[in-house]
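Student: Before we start, here is the structure in question, set down as structure tokens.
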Amino acid sequence: MPAAEIVGGGVAGLVASIQLAKRGWSVRLHERSDALRAGGNGLPIFENGLRILEALGLGDAIQKRGHQLNKWIIRLSSGQQTHEYEPFTATGGRIVMFQRQALVDPLAEAAAKAGVKIETGSRAVGAEREGVLHLEGGRRLEADLIVAADGIHSVVRKSVAGSLPLGKHRKGAIRLLIPIHPGDFPDGNDRVATEYNDPSGRRIGLLPCSSHTMYMILVALLSDPEALQMPIDPALWKATFPTLGRYIDRVGSSGHYDEYHSIFPPAWHYGKCVLIGDAAHGMTPALGQGANSAMMTAYSLGATDLLSGPLSDALTAWETKIRPLVHFTQKFAEGITEGRLDPKNDIFFSDPALRPLLSADIPNMHFDMPDFRALKLPLSNAV
């Protein structure tokens, strides 16, 4: 039985582990934390990600743990509405919000059911292209495949590909979950995401993850450090967004701060080591496609026949099929973040010339997987 060691217990690592285990691999997943904890924020999962969850048998999790949106509204910082969208009409698919933990938990359950051995408190410190994983404490593991799903600052990637430059972009974000209070949705519709934009570059997104919890993101330029200080300055944010005081008051000392990064490795595989998720294609969050693209690369890797010929040939074929779409997504998200695209601050694609790129028949993209050839990517500045 072929053996795979997967580094990283997030969405990408879990999806890849499930698929490989279902195809007969002996899979061990290493998570450096003492539990599969996902942090206190939310994730928008679009049609491409939802298809993967359904293909993994997690349709019930979408219904029970997700919160499907039926409207997305864009407003100015004053509160004036500029755009309103119905997700399916605008994107060709659904948008379902999850708390991160609510997505990780069913994936972990599915991985365990598939026979994946999950080791928490297992920290990778390096890898070798020949198929060797080094763990903290001197443990050395050999495998037929090493999968790096350990994020934008991937230790495995650095070991096998060297120190690659990270793209550092002009924005940072504070992310958190806040409780939903009575009156937050006066019309009773708690399935509405709202984004508020200010000419200064400050932005607030309010995206309900359930009837009780809201994902809140506060975005600003790195040249605006006062807005990105932790804990936040409520008076500063209220002055910019005078209609949002009720939400800003719920932030307190909560929140996790991230700067926007991206990565474009020259290859996604090195010998018996392969990169997926943010380790392979970390992107700015302007499209909300980081987790969705991670699931795509992870699922397609696990659905690829890696054993009928040379591993390098199989991995090259996999990367050739899936990378063009992911690369396009990265570059488009980067363009939005840098202010080169979407001058009207639309949430979805407004340039008809771009649509053929999204509906193109990416050559031979067939992995017995959900069909991504008709994928439409939603364009959001809020996530």
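The values are calculated or read from the model by the stated rules, or taken from the named source; none is laboratory data. Every value quoted in this text rests on a predicted model; they were computed, and no experiment measured them. FYI the Cβ positions are ideal-geometry reconstructions off the backbone, even for glycines, and counts take in every protein chain you see.
Student: Could you list all residues from the range 41-90 that are over 17 Å from the mean Cα position of the chain (by Cα), aromatic (Phe, Trp, Tyr) and surrounded by 17 or more Cβ atoms within 10 Å (Cβ to Cβ)?
Tutor: Within the range 41-90, 72, 85 meet the criteria.
Student: Name the strands (runs of 3 or more DSSP E) wholly inside the range 94-141 in which the number of residues that are small (Gly, Ala, Ser) and over 22 Å from residue 64 (Cβ atoms) is 1 or more.
Tutor: On the way: elements: 95-99, 117-120, 124-128, 132-135.
Because the criterion is at least 1 residues that are small (Gly, Ala, Ser) and over 22 Å from residue 64 (Cβ atoms), the strands (runs of 3 or more DSSP E) in the range 94-141 that meet it are 124-128.
Student: Kindly check whether there is at least one residue in the range 71-82 that is in contact with a strand residue (DSSP E or B) (Cβ under 8 Å, 6 or more places away or on another chain), touching a residue at least 24 places away in the same chain (Cβ under 8 Å), aliphatic (A, V, I, L, M) and within 26 Å of residue 119 (Cα to Cα).
Tutor: no
Student: Could you please tell me which pairs satisfy a Cβ distance under 6 Å, a separation of 6+ or placement on different chains, a first residue in the range 244-262 that is of a type in the set (A, V, I, L, M, F, W, C), and a second residue that is assigned to a helix (DSSP H, G or I)?
Tutor: Filtered contacts from the range 244-262: 248/234; 248/237; 248/238.
Student: Which condition number in (1) modelled with pLDDT of 95 or more; (2) in contact with a Phe, Trp or Tyr (Cβ under 8 Å, 6 or more places away or on another chain); (3) among the basic types (Lys, Arg) is the one that residue 170 fails?
Tutor: Just one mismatch for residue 170, condition (1).
Student: Still on this structure, please answer the following. For residue 179, work out the one condition from (1) surrounded by 18 or more Cβ atoms within 10 Å (Cβ to Cβ); (2) within 21 Å of residue 96 (Cα to Cα) it doesn't fulfil.
Tutor: Only one criterion is unmet by residue 179, namely (1).
Student: Confirm whether residue 338 is in contact with a strand residue (DSSP E or B) (Cβ under 8 Å, 6 or more places away or on another chain), at pLDDT below 95, within 30 Å of residue 223 (Cβ to Cβ) and surrounded by fewer than 16 Cβ atoms within 10 Å (Cβ to Cβ).
Tutor: yes
Student: Would it be correct to say that residue 192 is surrounded by 16 or more Cβ atoms within 10 Å (Cβ to Cβ) and out of contact with any Leu (no Cβ under 8 Å at 6 or more places or on another chain)? Before you say what the answer is, go through the steps one by one.
Tutor: On the way: surrounded by 16 or more Cβ atoms within 10 Å (Cβ to Cβ): yes; out of contact with any Leu (no Cβ under 8 Å at 6 or more places or on another chain): no.
Here the answer is no, as residue 192 does not meet what is asked.
Student: Right, here's the next one. Name the residue, out of 35, 102, 112, 108, that is under 18 Å from residue 214 (Cβ atoms), of a type in the set (A, V, I, L, M) and surrounded by fewer than 24 Cβ atoms within 10 Å (Cβ to Cβ). Break it down stepwise before answering.
Tutor: On the way: 35 fails: under 18 Å from residue 214 (Cβ atoms); 112 fails: under 18 Å from residue 214 (Cβ atoms); 108 fails: under 18 Å from residue 214 (Cβ atoms).
Testing whether each residue is under 18 Å from residue 214 (Cβ atoms), of a type in the set (A, V, I, L, M) and surrounded by fewer than 24 Cβ atoms within 10 Å (Cβ to Cβ) leaves just 102.
Student: Give just the number: which of (1) under 22 Å from the mean Cα position of the chain (by Cα); (2) crowded, with 20+ Cβ neighbours inside 10 Å does residue 160 not satisfy?
Tutor: Among (1) under 22 Å from the mean Cα position of the chain (by Cα); (2) crowded, with 20+ Cβ neighbours inside 10 Å, residue 160 violates only (1).
Student: Let me ask something else about it. Looking only at the range 249-269, how many residues end up being in contact with a Gly (Cβ under 8 Å, 6 or more places away or on another chain) and either over 15 Å from residue 41 (Cβ atoms) or assigned to a strand (DSSP E or B) (or both)?
Tutor: Taking the range 249-269 first, the residues in contact with a Gly (Cβ under 8 Å, 6 or more places away or on another chain) are 254, 256-264.
Adding the requirement that they be either over 15 Å from residue 41 (Cβ atoms) or assigned to a strand (DSSP E or B) (or both) leaves 256-264.
Looking only at that region, the number is 9.
Student: Being under 15 Å from residue 173 (Cβ atoms) and either assigned to a strand (DSSP E or B) or of a type in the set (Ser, Thr, Tyr) (or both) is the filter here, so list the residues in the range 201-214 that pass it. Quick ask: steps written out before the conclusion?
Tutor: Kept after step one, since they are under 15 Å from residue 173 (Cβ atoms), are these residues of the range 201-214: 201-207.
Once the filter is applied, which keeps residues that are under 15 Å from residue 173 (Cβ atoms) and either assigned to a strand (DSSP E or B) or of a type in the set (Ser, Thr, Tyr) (or both), the range 201-214 yields 203, 204, 205, 206, 207.
Student: When the range 115-125 is examined, which residues are found to be surrounded by fewer than 19 Cβ atoms within 10 Å (Cβ to Cβ) and in contact (Cβ under 8 Å) with a residue 60 or more places away in the chain?
Tutor: First, the residues of the range 115-125 that are surrounded by fewer than 19 Cβ atoms within 10 Å (Cβ to Cβ): 115, 117, 119-121, 123, 125.
Scanning the range 115-125 gives 115, 117, 119, 120, 121, 123.
Student: Okay, moving on. In the range 1-36, which residues are touching a Lys or Arg at 6+ places or on another chain (Cβ under 9 Å), assigned to a loop (DSSP other than H, G, I, E, B) and within 16 Å of residue 112 (Cα to Cα)?
Tutor: 8, 9, 10
Student: Restricting the search to the range 63-89, which residues are among the β-branched types (Val, Ile, Thr) and either closer than 23 Å to residue 49 by Cβ or touching a Ser or Thr at 6+ places or on another chain (Cβ under 6 Å) (or both)?
Tutor: Across the range 63-89, the qualifying residues are 73, 74, 89.
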